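Here the structure comes first, spelled out in structure tokens, and everything after it is commentary.
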Amino acid sequence: MPEAVSLDINKILSVLPHRFPFVMVDRVTEVVAGKYARGHKCVSYNEPFFPGHFPLRPILPGVLALESLAQLGGILAYVSEPFDPTTNLMYFLGIDKAKFRRTVIPGDRMDLYVEVMHHRSNVWKFQGEVCVDGALCTEGQLLASIVDRQP
């Protein structure tokens, strides 16, 4: 059985091209190469989208919950088959069966989970879930591809 690993924010930043305010994974708690990854994102009122979404009742935009799953999927792909983040990027290609079941609000910790559904060549398909306090908030199937960075 493959060994599980974890990644702190410094390792996450070395893998993902994203930077503030768009890093949507704070910690990866467990990755089993080629299988699944778990992590979390701590949601803070200080994030730049809350004043506009929505001023009197701040909620995390659902597409950002999906983005957090896509980023965790990119980390899972990297751990499974390491690529050079200075010459390659993982592009999010699509989403199927997305469902938004509960809102995510400031103070919540989003528990993230993605598992590999299919992988061939440079294309990956993941099933992902976002939960808060054990309650399912967001789910979907994500498609992504590792591509060469443009000069």
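The values are calculated or read from the model by the stated rules, or taken from the named source; none is laboratory data. Owing to the predicted nature of the structure, the values given are computational and were not obtained by experimental measurement. Glycine also receives a Cβ, built like all others from the backbone with ideal geometry; neighbour counts cover every protein chain displayed.
If you check Pro55, Pro82, Pro51 for being surrounded by fewer than 18 Cβ atoms within 10 Å (Cβ to Cβ), part of a helix (DSSP H, G or I) and at pLDDT below 95, only one passes: Pro51. Scanning region 100-123 turns up no residue that is without any contact (Cβ under 8 Å) to a residue 24 or more places away in the chain, buried (at least 16 other Cβ atoms within 10 Å of the Cβ) and not in a loop (DSSP other than H, G, I, E, B). As for region 125-138, it holds at least one residue that is surrounded by 12 or more Cβ atoms within 10 Å (Cβ to Cβ), under 13 Å from the mean Cα position of the chain (by Cα) and among the β-branched types (Val, Ile, Thr).
Selection of first residues in region 67-86 that are more than 21 Å from Ala98 (Cα to Cα) and of second residues that are part of a helix (DSSP H, G or I) and at pLDDT below 95, restricted to Cβ pairs under 6 Å at least 6 apart or on distinct chains, gives the following pairs, ordered by first then second residue: Tyr78/Val15; Pro85/Val15.
For region 30-45, does any single residue satisfy the condition of being free of Cβ contacts under 8 Å to residues at least 24 places away in the same chain and on the phi < 0 side of the Ramachandran plot? Among the residues of region 30-45, not one is free of Cβ contacts under 8 Å to residues at least 24 places away in the same chain and on the phi < 0 side of the Ramachandran plot, which makes the answer no. Which of the residues belonging to region 59-79 are over 16 Å from Phe22 (Cβ atoms) and surrounded by 18 or more Cβ atoms within 10 Å (Cβ to Cβ)? Within region 59-79, Leu76, Ala77, Tyr78, Val79 qualify.
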